[in-house]
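Asks: Right, I'll just put the structure down here and ask away after.
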Amino acid sequence: MDLSEIQKQIKVRYGAIDKASGSLFLLSVLLEECGELATAVRRKEMTAKDEVVDVIFCALSIANLLAADVDHLLQQKYLQKELDEVTKSWTDIPK
């Protein structure tokens, strides 16, 4: 199953709930999950893997509300461009 199919299944299963909750609520949940991921990574906990999944799930839920095709946009923005073009603003990465 690819990312597009996963996003579609999330929309089918959770779309009505997400729409009722609204984008600001989903954003707050995403930020909470990002905080949990940061804590797990910082502490080198095994739960970090689960937190990554929670972050992706929340991001895909928001993407569905925005009608954003994440698979297509990721490919367009990060995979179809040259590496230097993508990373030119990443000033904290040693070259």
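Asks: How large, in percent, is the carbon and sulfur part of the accessible surface of the chain at a probe radius of 1.4 Å?
Replies: Carbon and sulfur together cover 60 percent of it.
Asks: Here's a follow-up. Most fluctuating residue of Leu37, Leu74, Leu65 in a GNM of the chain with Cα springs under 10 Å: which is it?
Replies: Leu74
Asks: Right, something else. Just add up the charged neighbours of Glu45: K/R +1, D/E -1, any other residue whose Cβ is under 13 Å from the Cβ of Glu45.
Replies: My count for the surroundings of Glu45 gives +1.
Asks: Another one. What is the gain in length, in nm to one decimal, between Asp2 and Lys77 on full extension, counting 0.36 nm per residue of separation less the C-alpha to C-alpha distance?
Replies: 25.2 nm
Asks: I need the trypsin sites (Lys or Arg not before Pro) found in the range 1-52, filtered to DSSP loop residues with at most 13 other beta carbons within 10 Å of theirs.
Replies: Details: sites: Lys8, Lys11, Arg13, Lys19, Arg42, Arg43, Lys44, Lys49; in loops: Arg43, Lys44.
Hits after loop and neighbour filter: Arg43, Lys44.
Asks: How many nm separate the modelled label positions at Lys44 and Tyr14, each set 7 Å beyond the Cα in the direction of the Cβ?
Replies: About 3.1 nm separates the two model spin labels.
Asks: Under 1.5 on a/c is rounded, so check that first for the range 9-55, then, if it is not, pick prolate when a/b is larger than b/c and oblate when it is not; a ≥ b ≥ c are the square roots of the alpha carbon gyration tensor eigenvalues.
Replies: oblate
Asks: Considering only protein heavy atoms, what per residue accessible area in square angstrom results for the chain with a 1.4 angstrom probe?
Replies: Working: 7350 Å² over 95 residues.
About 77 Å² of surface per residue is accessible.
Asks: Same structure again: Can you match mean projected area of the Cα convex hull in nm² to one of these, [x] 6.7; [y] 7.8; [z] 6.1, based on a calculation from the structure here?
Replies: [y]
Asks: Let me know the charge dipole size of the chain about its Cα centre in debye, to the nearest 20, where only the beta-carbon of Lys, Arg (+1) and Asp, Glu (-1) is charged.
Replies: Working: 12 positive and 16 negative charges, 12 e Å.
Approximately 60 debye in magnitude.
The values are calculated or read from the model by the stated rules, or taken from the named source; none is laboratory data. In this text the structure is predicted, and so the values were computed from the model without any measurement. Don't worry about glycine lacking a Cβ; one is built from the backbone with ideal geometry, like all the others, and counts go over all protein chains shown. With ligands, DNA and RNA removed, areas are computed over all heavy atoms of the protein, side chains included. Shrake-Rupley method; radii C 1.70, N 1.55, O 1.52, S 1.80 Å.
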